[in-house]
Amino acid sequence: MGKKQKPTSIGLIEELNRSLSSILNGSDGKLLKAENPPTVVLVVGVNGTGKTTTIAKIANLLQSEGESVLLAAGDTFRDAAIEQLSLWAEKVGVQVVSQKRGSDPAAVAFDALKRAKAKKFDYLLVDTAGRLHTKDKLMEELKKIRRVLEKGASNAPHETLLVLDASIGQNNIVQATKFAEAIGVTGIVLTKLDGTAKGGAIFPLFDELKIPIKYIGVGEGVDDLERFEADKFVTALLSTD
Ligand SMILES: Nc1nc2c(ncn2[C@@H]2O[C@H](COP(=O)(O)OP(=O)(O)OP(=O)(O)O)[C@@H](O)[C@H]2O)c(=O)[nH]1
Ligand SMILES: [Mg+2]
(Lines give C-alpha, C1' and ligand atoms only; values in the text may rest on other atoms or scores of the structure.)
(Ligands and ions follow the chains in the order given, each with its own letter.)
Protein backbone atom coordinates (compact mmCIF):
# COMPACT_ATOMS: atom_id res chain seq x y z
CA MET A 1 0.00 0.00 0.00
CA GLY A 2 1.23 3.48 -0.88
CA LYS A 3 1.30 6.41 1.49
CA LYS A 4 -2.04 7.89 2.32
CA GLN A 5 -2.54 11.07 0.32
CA LYS A 6 -3.77 14.29 1.83
CA PRO A 7 -5.88 15.82 -0.89
CA THR A 8 -7.79 18.00 1.55
CA SER A 9 -4.80 19.95 2.84
CA ILE A 10 -3.51 20.56 -0.69
CA GLY A 11 -6.97 21.66 -1.71
CA LEU A 12 -7.13 23.94 1.29
CA ILE A 13 -3.89 25.71 0.38
CA GLU A 14 -5.10 26.15 -3.18
CA GLU A 15 -8.40 27.52 -1.98
CA LEU A 16 -6.64 29.86 0.44
CA ASN A 17 -4.32 30.98 -2.34
CA ARG A 18 -7.30 31.71 -4.56
CA SER A 19 -9.26 33.66 -1.99
CA LEU A 20 -6.25 35.69 -0.77
CA SER A 21 -5.34 36.50 -4.37
CA SER A 22 -8.89 37.59 -5.06
CA ILE A 23 -8.76 40.09 -2.17
CA LEU A 24 -5.69 41.58 -3.83
CA ASN A 25 -7.28 41.68 -7.26
CA GLY A 26 -6.16 44.93 -8.93
CA SER A 27 -3.48 45.65 -6.35
CA ASP A 28 -0.44 45.19 -8.57
CA GLY A 29 1.36 48.34 -9.31
CA LYS A 30 3.75 49.53 -11.91
CA LEU A 31 4.99 53.07 -11.92
CA LEU A 32 3.33 55.05 -14.62
CA LYS A 33 5.55 56.49 -17.30
CA ALA A 34 4.62 59.92 -18.63
CA GLU A 35 4.36 60.42 -22.36
CA ASN A 36 6.70 63.38 -22.12
CA PRO A 37 9.46 63.09 -19.56
CA PRO A 38 9.94 63.64 -16.74
CA THR A 39 7.55 61.33 -14.95
CA VAL A 40 7.01 63.18 -11.68
CA VAL A 41 6.64 61.09 -8.53
CA LEU A 42 5.65 62.82 -5.31
CA VAL A 43 6.43 60.82 -2.18
CA VAL A 44 4.44 61.51 0.98
CA GLY A 45 3.66 60.06 4.38
CA VAL A 46 3.88 60.50 8.12
CA ASN A 47 7.20 60.78 9.96
CA GLY A 48 9.65 57.93 9.74
CA THR A 49 7.69 55.58 7.49
CA GLY A 50 10.62 55.22 5.09
CA LYS A 51 9.99 57.88 2.41
CA THR A 52 13.60 58.95 1.88
CA THR A 53 14.95 55.41 1.91
CA THR A 54 12.22 54.33 -0.51
CA ILE A 55 13.15 57.17 -2.88
CA ALA A 56 16.74 55.93 -2.91
CA LYS A 57 15.54 52.39 -3.56
CA ILE A 58 13.22 53.43 -6.41
CA ALA A 59 15.95 55.60 -7.94
CA ASN A 60 18.29 52.64 -7.80
CA LEU A 61 15.75 50.33 -9.42
CA LEU A 62 14.83 52.78 -12.18
CA GLN A 63 18.43 53.55 -12.89
CA SER A 64 19.27 49.86 -13.19
CA GLU A 65 16.57 49.74 -15.86
CA GLY A 66 18.28 52.49 -17.81
CA GLU A 67 16.12 55.41 -16.70
CA SER A 68 17.69 58.72 -15.72
CA VAL A 69 16.56 59.95 -12.32
CA LEU A 70 16.66 63.30 -10.55
CA LEU A 71 15.77 63.76 -6.88
CA ALA A 72 14.23 66.81 -5.22
CA ALA A 73 15.08 67.42 -1.57
CA GLY A 74 11.61 68.57 -0.59
CA ASP A 75 12.11 67.89 3.11
CA THR A 76 13.52 71.25 4.08
CA PHE A 77 12.18 70.92 7.61
CA ARG A 78 13.85 68.06 9.43
CA ASP A 79 17.41 68.46 10.63
CA ALA A 80 19.84 66.66 8.26
CA ALA A 81 17.07 65.55 5.88
CA ILE A 82 18.78 67.21 2.89
CA GLU A 83 22.08 65.60 3.80
CA GLN A 84 20.40 62.21 4.19
CA LEU A 85 18.91 62.39 0.69
CA SER A 86 22.18 63.69 -0.76
CA LEU A 87 24.09 60.77 0.75
CA TRP A 88 21.66 58.32 -0.79
CA ALA A 89 21.89 60.14 -4.13
CA GLU A 90 25.66 59.82 -4.04
CA LYS A 91 25.44 56.15 -3.18
CA VAL A 92 22.97 55.42 -5.96
CA GLY A 93 24.72 57.75 -8.40
CA VAL A 94 21.92 60.21 -9.14
CA GLN A 95 21.70 64.00 -8.89
CA VAL A 96 19.71 65.92 -6.35
CA VAL A 97 18.25 69.42 -6.41
CA SER A 98 18.19 71.10 -3.02
CA GLN A 99 17.99 74.47 -1.33
CA LYS A 100 18.97 75.41 2.16
CA ARG A 101 17.17 74.09 5.19
CA GLY A 102 14.01 76.05 5.99
CA SER A 103 13.30 77.09 2.42
CA ASP A 104 9.90 76.58 0.81
CA PRO A 105 9.56 72.93 -0.30
CA ALA A 106 7.29 74.03 -3.16
CA ALA A 107 10.14 76.21 -4.46
CA VAL A 108 12.47 73.21 -4.34
CA ALA A 109 9.92 71.16 -6.28
CA PHE A 110 9.60 73.97 -8.84
CA ASP A 111 13.38 74.23 -9.30
CA ALA A 112 13.80 70.49 -9.57
CA LEU A 113 11.03 70.15 -12.14
CA LYS A 114 12.55 72.94 -14.20
CA ARG A 115 15.88 71.17 -14.17
CA ALA A 116 14.36 67.76 -14.92
CA LYS A 117 12.59 69.21 -17.94
CA ALA A 118 15.61 71.13 -19.20
CA LYS A 119 17.93 68.14 -18.85
CA LYS A 120 15.32 65.63 -20.01
CA PHE A 121 15.42 63.35 -17.00
CA ASP A 122 13.10 60.36 -17.27
CA TYR A 123 11.98 60.54 -13.64
CA LEU A 124 11.81 63.20 -10.95
CA LEU A 125 11.32 61.81 -7.44
CA VAL A 126 10.23 64.43 -4.91
CA ASP A 127 10.95 63.78 -1.24
CA THR A 128 8.78 65.54 1.34
CA ALA A 129 8.93 66.07 5.08
CA GLY A 130 7.09 63.59 7.27
CA ARG A 131 3.76 65.02 8.40
CA LEU A 132 0.88 63.92 10.51
CA HIS A 133 -2.29 63.49 8.49
CA THR A 134 -4.15 65.32 11.23
CA LYS A 135 -2.17 68.59 10.89
CA ASP A 136 -4.11 70.74 8.45
CA LYS A 137 -1.35 73.30 7.99
CA LEU A 138 1.14 70.64 6.97
CA MET A 139 -1.36 69.07 4.61
CA GLU A 140 -1.86 72.50 3.03
CA GLU A 141 1.88 72.70 2.44
CA LEU A 142 1.67 69.40 0.59
CA LYS A 143 -1.17 70.74 -1.55
CA LYS A 144 1.03 73.68 -2.49
CA ILE A 145 3.84 71.36 -3.60
CA ARG A 146 1.31 69.45 -5.64
CA ARG A 147 -0.03 72.62 -7.26
CA VAL A 148 3.47 73.70 -8.29
CA LEU A 149 4.08 70.33 -9.92
CA GLU A 150 0.67 70.43 -11.62
CA LYS A 151 1.45 73.80 -13.12
CA GLY A 152 4.95 72.80 -14.14
CA ALA A 153 4.20 69.77 -16.31
CA SER A 154 1.09 68.29 -17.83
CA ASN A 155 -0.56 65.60 -15.71
CA ALA A 156 2.08 65.99 -12.99
CA PRO A 157 2.49 64.59 -10.47
CA HIS A 158 2.01 61.41 -12.45
CA GLU A 159 2.28 59.35 -9.30
CA THR A 160 1.70 60.30 -5.68
CA LEU A 161 3.10 57.52 -3.56
CA LEU A 162 2.07 57.19 0.06
CA VAL A 163 4.69 55.40 2.14
CA LEU A 164 3.22 53.38 5.01
CA ASP A 165 5.00 51.48 7.76
CA ALA A 166 3.60 47.93 7.85
CA SER A 167 4.10 47.67 11.60
CA ILE A 168 1.59 50.46 12.32
CA GLY A 169 -1.40 48.26 11.50
CA GLN A 170 -4.92 49.66 11.36
CA ASN A 171 -3.84 53.29 11.66
CA ASN A 172 -2.45 53.01 8.15
CA ILE A 173 -6.00 52.98 6.81
CA VAL A 174 -6.73 56.25 8.61
CA GLN A 175 -3.49 57.80 7.34
CA ALA A 176 -4.13 56.68 3.78
CA THR A 177 -7.70 57.96 3.80
CA LYS A 178 -6.57 61.40 4.96
CA PHE A 179 -3.69 61.70 2.49
CA ALA A 180 -5.92 60.50 -0.33
CA GLU A 181 -8.57 63.10 0.54
CA ALA A 182 -6.02 65.90 0.79
CA ILE A 183 -3.87 65.38 -2.29
CA GLY A 184 -4.88 62.13 -3.97
CA VAL A 185 -2.75 58.99 -3.76
CA THR A 186 -2.06 56.83 -6.79
CA GLY A 187 0.00 54.16 -5.12
CA ILE A 188 1.15 52.78 -1.81
CA VAL A 189 4.57 51.61 -0.72
CA LEU A 190 4.41 49.37 2.34
CA THR A 191 7.74 49.37 4.15
CA LYS A 192 9.35 47.33 6.91
CA LEU A 193 7.88 44.07 5.70
CA ASP A 194 11.16 42.34 6.50
CA GLY A 195 12.00 40.48 9.64
CA THR A 196 8.68 39.59 11.13
CA ALA A 197 5.53 38.17 9.57
CA LYS A 198 3.67 41.40 8.91
CA GLY A 199 2.75 40.53 5.34
CA GLY A 200 -0.86 40.03 6.32
CA ALA A 201 -1.14 43.81 6.81
CA ILE A 202 -1.54 44.14 3.05
CA PHE A 203 -4.95 42.44 2.91
CA PRO A 204 -7.10 44.77 5.04
CA LEU A 205 -5.21 47.74 3.65
CA PHE A 206 -5.93 47.01 0.03
CA ASP A 207 -9.40 45.65 0.76
CA GLU A 208 -10.35 48.94 2.41
CA LEU A 209 -8.60 51.45 0.16
CA LYS A 210 -8.33 49.84 -3.27
CA ILE A 211 -5.23 51.92 -3.98
CA PRO A 212 -2.61 49.87 -5.86
CA ILE A 213 0.37 48.71 -3.88
CA LYS A 214 3.36 49.56 -6.01
CA TYR A 215 6.28 48.40 -3.94
CA ILE A 216 7.13 46.73 -0.67
CA GLY A 217 10.18 47.59 1.42
CA VAL A 218 11.98 44.61 2.87
CA GLY A 219 15.02 46.12 4.56
CA GLU A 220 17.19 49.17 5.04
CA GLY A 221 19.49 48.61 2.06
CA VAL A 222 19.14 50.16 -1.34
CA ASP A 223 18.25 46.82 -2.95
CA ASP A 224 15.59 45.98 -0.38
CA LEU A 225 12.61 46.94 -2.50
CA GLU A 226 10.29 44.67 -4.42
CA ARG A 227 7.74 45.51 -7.07
CA PHE A 228 4.46 44.29 -5.70
CA GLU A 229 2.89 41.37 -7.55
CA ALA A 230 -0.16 39.90 -5.82
CA ASP A 231 0.23 36.31 -7.05
CA LYS A 232 3.89 36.15 -6.14
CA PHE A 233 3.20 37.72 -2.77
CA VAL A 234 0.43 35.28 -1.83
CA THR A 235 2.44 32.27 -2.97
CA ALA A 236 5.43 33.41 -0.88
CA LEU A 237 3.18 34.06 2.12
CA LEU A 238 1.70 30.56 1.98
CA SER A 239 4.93 28.75 1.24
CA THR A 240 6.35 26.74 4.12
CA ASP A 241 9.98 26.99 2.92
N1 LIG B 1 13.62 47.28 8.33
C2 LIG B 1 13.30 48.24 7.47
N3 LIG B 1 13.62 49.50 7.76
C4 LIG B 1 13.29 50.46 6.88
C5 LIG B 1 12.62 50.18 5.65
N6 LIG B 1 12.44 51.35 5.01
C7 LIG B 1 12.97 52.31 5.80
N8 LIG B 1 13.48 51.79 6.93
C9 LIG B 1 14.13 52.48 8.05
O10 LIG B 1 13.20 53.37 8.64
C11 LIG B 1 13.88 54.50 9.17
C12 LIG B 1 13.24 55.76 8.62
O13 LIG B 1 13.51 55.83 7.23
P14 LIG B 1 13.47 57.17 6.41
O15 LIG B 1 13.62 56.80 4.98
O16 LIG B 1 14.38 58.19 6.97
O17 LIG B 1 11.96 57.58 6.69
P18 LIG B 1 11.24 58.95 6.30
O19 LIG B 1 9.81 58.60 6.08
O20 LIG B 1 11.94 59.60 5.20
O21 LIG B 1 11.39 59.77 7.65
P22 LIG B 1 11.10 61.35 7.86
O23 LIG B 1 11.67 62.05 6.68
O24 LIG B 1 11.78 61.70 9.14
O25 LIG B 1 9.61 61.48 7.94
C26 LIG B 1 15.34 54.35 8.77
O27 LIG B 1 16.05 53.80 9.87
C28 LIG B 1 15.29 53.36 7.62
O29 LIG B 1 16.48 52.61 7.49
C30 LIG B 1 12.29 48.81 5.37
O31 LIG B 1 11.68 48.44 4.35
N32 LIG B 1 12.66 47.89 6.31
MG1 LIG C 1 12.66 61.54 4.99
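Quick notes
- Of all DSSP-defined beta bridges confined to the chain, some 10% are antiparallel rather than parallel.
- 15 Å Cα-Cα reach of residue 232 towards aspartates and glutamates, excluding residues that sit fewer than 8 places from it in its own chain: 14, 28, 241
- Ellipticity at 222 nm from helices only: DSSP H runs of n ≥ 4 in the chain, each -39500 (n - 2.57), divided by the residue count, give -13500 deg cm²/dmol.
- Counting lysine pairs in the range 94-191 whose alpha carbons fall under 14 angstrom apart, excluding pairs fewer than 8 residues apart on the same chain, gives 7.
- Between the listed residues 211, 174, 186, the Cα displaced farthest toward the positive end of the dipole of the range 83-241, a dipole computed from Cβ unit charges relative to the Cα centre, is found at 186.
- Fraction of accessible area attributable to carbon and sulfur, the chain (%, probe 1.4 Å): 52 percent
- Spin-label model distance (nm) - residue 104 vs residue 91, 7 Å beyond Cα toward Cβ: 3.3 nm
- Size estimate for the range 1-144 follows the Kirkwood approach: the inverse of mean 1/r over distinct Cα pairs works out to 17.5 Å.
- Charge sum, other residues only, whose C-beta stays under 13 Å from residue 135's C-beta, Lys/Arg counted +1 and Asp/Glu -1: +1
- Calculation over all alpha carbon pairs of the range 31-238 in 10 angstrom steps from 0 returns a P(r) of 9, 38, 38, 14, 1 percent.
- Residues of the range 67-90 with amide N under 19 Å of a point placed 7 Å along Cα→Cβ from residue 137: 75-79
- The chain - charge dipole about Cα centre, Lys and Arg +1 at Cβ, Asp and Glu -1, debye rounded to 20: 360 debye
- Note on the range 91-204: Rg/Rh from Cα positions, Kirkwood definition for Rh, rounded to two decimals, is 1.00.
- Accessible area of the range 31-238 divided out per residue, in Å², using a probe of 1.4 angstrom: 45 Å²
- The range 41-85 and the range 161-203 have their alpha-carbon centroids 17 Å apart.
The values are calculated or read from the model by the stated rules, or taken from the named source; none is laboratory data. The structure displayed is predicted, hence computed values, not measured ones. Counting neighbours? That spans all protein chains shown, and the Cβs are built from the backbone with ideal geometry, glycine included. Heads up: the accessible areas ignore ligands, DNA and RNA and are worked out on the full protein's heavy atoms, side chains in. Shrake-Rupley method; radii C 1.70, N 1.55, O 1.52, S 1.80 Å.
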